[in-house]
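Working notes for the structure below.
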Amino acid sequence: MAAIGGVRALTTPCGDRSTKAAAASKSIGADGRKLLSFSSSALSGEKIAVVSGRRFGGARERVSRIVSPKAVSDSSNSQTCLDPDASRSVLGIILGGGAGTRLYPLTKKRAKPAVPLGANYRLIDIPVSNCLNSNVSKIYVLTQFNSASLNRHLSRAYASNMGGYKNEGFVEVLAAQQSPENPNWFQGTADAVRQYLWLFEEHNVLEFLVLAGDHLYRMDYEKFIQAHRETDADITVAALPMDEKRATAFGLMKIDEEGRITEFAEKPKGEQLKSMKVDTTILGLDDERAKEMPYIASMGIYVVSKGVMLSLLRDKFPGANDFGSEIIPGATSIGMRVQAYLYDGYWEDIGTIEAFYNANLGITKKPVPDFSFYDRSSPIYTQPRYLPPSKMLDAEVTDSVIGEGCVIKNCKIHHSVVGLRSCISEGAIIEDTLLMGADYYETDADKRYLAAKGSIPVGIGKNSHIKRAIIDKNARIGDNVKIINSDNVLEAARETDGYFIKSGIVTVIKDALIPSGTII
């Protein structure tokens with residue numbers, strides 16, 4: 001038995017079949033779900049973070065419920081031993097998000113999950129990598145807005161057969177489509193899943209793992225799925241401890257001493273917000289952190305048992321469009337077992353330009369970045385590009401991350417993220433900036449041709465100064481350009497001039513041309 005937050009849970013190493021068999025005998029419920037029942041010796045003396053449940057004639061009878069709330073947390077000490085394992089029993093469904101209007105202009109020509117991240121990656125690489133590192137190898141990505149670049153990236157990055165002969169993994173895009181039964185676009189997260197239920201139903205799995213395509217975090221979904229099975233839950237919701245300042249932007253939950261969700265409130269304010277305070281020490285936080293973070297916010301990440309998903313979307317709530325505001329509270333209201341699973345690590349919902357900017361520059365933080373791409377045990381995957389190493393000629397680079405294939409000449413770069421294939425000319429100063437780089441290199445012949453007709457090559461021109469900005473891919477910044485927002489303008493829409501300002505951050509649009517001498 002492995003300790004979870006100081007409490008024993010039935011998580012023996014996968015190879016130790018005898019120990020596992022002695023501790024628990026499996027029974028098969030009427031719905032085909034594997035249940036666990038324990039011998040009296042296994043229950044003596046200590047709390048066991050597992051539920052025993054049996055079904056008789058389709059009705060569930062609770063035989064014993066001795067659950068430690070700490071068993072719902074994502075502890076690095078616990079081992080997982082899913083049976084059947086996640087590659088065979090779990091289907092990953094990543095929701096590509098809506099139009100991404102708050103991230104505009106980054107979403108002008110691409111879906112939100114296809115937005116570049118951390119010099120070499122795209123947002124979609126985060127949930128896909130988390131799935132692959134958690135042994136979830138059957139993955140669908142649902143999308144409907146500007147999906148061309150997302151489709152291209154996924155096919156290049158994950159097209160190879162990811163499983164063995166008997167267990168073929170895949171990452172496939174499912175775009176919104178019209179059908180005789182449903183002539184509409186996706187109306188929300190739940191509606192998107194509902195429209196493809198006929199396909200998901202064909203997979204012989206126990207659970208659906210529903211994820212968002214625009215979050216930055218690293219999570220072991222096997223522990224999440226194991227908590228779902230051990231607590232015999234219908235739905236398990238990943239939850240994050242939250243302070244009062246940020247809590248109003250999320251769906252908040254109240255839980256009982258078993259970690260079962262008893263109440264929901266979507267983005268509450270004022271007195272309603274205060275009423276959602278809970279004692280987060282029962283989820284394993286120490287007293288000091290529990291005072292700082294007295295709320296539990298939904299991360300928009302769910303494990304849903306297959307039969308439960310089919311029932312909720314088709315029979316119980318056939319008109320509901322959204323998981324967070326309709327399906328999950330609805331399931332709670334009709335008495336389904338909806339559990340909270342505490343995730344207490346770095347997590348960022350990249351919904352706005354400011355959040356996106358901060359998340360990217362967070363990876364330059366010293367001595368420990370907010371989110372690390374350097375974790376050997378759970379790497380972040382992306383498409384192989386076979387680019388040369390970055391070349392820096394007499395450049396001064398501090399507190400920055402440089403992507404692959406860059407050419408950086410005699411310039412200063414401080415506290416910035418420089419994306420792949422970036423070309424930065426002599427005398428340039430780049431501060432507190434995210435450069436997304438380029439999709440291609442221009443040849444010397446291309447540059448001569450551009451110069452002859454008075455145009456500008458892709459990259460940053462000579463003696464240009466860029467501060468607190470996001471420069472999207474393939475942007476052409478001329479010589480002696482100043483993008484420093486010296487007037488501290490908070491909001492401006494100058495699309496015809498090639499840029500926007502949101503939250504004081506200048507964002508230069510993809511493929512934009514900023515003429516030499518321009519001051520923004």
Residue that is surrounded by the fewest Cβ atoms within 10 Å (Cβ to Cβ), among those in segment 361-373 that are assigned to a loop (DSSP other than H, G, I, E, B) and either of a type in the set (G, A, S) or in contact with a strand residue (DSSP E or B) (Cβ under 7 Å, 6 or more places away or on another chain) (or both): S372
Quick count over segment 464-520, residues being over 30 Å from the mean Cα position of the chain (by Cα), open to solvent by less than 50 Å² (accessible area, probe 1.4 Å) and at positive phi, is 2
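Rundown of residues vs (1) outside the structural domain of H415 (by the TED database); (2) open to solvent by 10 Å² or more (accessible area, probe 1.4 Å); (3) in a loop (DSSP other than H, G, I, E, B), yes/no style:
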| residue | (1), (2), (3) |
| --- | --- |
| D344 | yes, yes, yes |
| E348 | yes, yes, no |
| A355 | yes, yes, no |
| A359 | yes, no, no |
| D375 | yes, yes, yes |
| S378 | yes, yes, yes |
Scanning segment 425-434 residue by residue, those touching a Leu at 6+ places or on another chain (Cβ under 8 Å) and buried (at least 24 other Cβ atoms within 10 Å of the Cβ) turn out to be L434
With the requirement that a residue be small (G, A, S) and more than 24 Å from G188 (Cβ to Cβ), what does segment 279-334 give you? G284, A290
Please count how many residues of segment 299-328 are surrounded by fewer than 23 Cβ atoms within 10 Å (Cβ to Cβ) and closer than 12 Å to L240 by Cα. 2
At pLDDT 90 or above and part of a strand (DSSP E or B), is that true of V136? no
Output for Cβ contacts, cut-off 9 Å, separation at least six or different chains, first residue acidic (D, E) in segment 378-394, second not in a loop (DSSP other than H, G, I, E, B), reads D394/K409
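The values are calculated or read from the model by the stated rules, or taken from the named source; none is laboratory data. Predicted model, so just to flag it, every value in this text is computed and none were measured. Every residue, glycine as well, gets a Cβ built from its backbone with ideal geometry; the counts of neighbours run over all protein chains shown. Ligands, DNA and RNA are stripped out before the accessible areas are found, and what is left, the full protein with its side chains, is counted by its heavy atoms. Shrake-Rupley method; radii C 1.70, N 1.55, O 1.52, S 1.80 Å.
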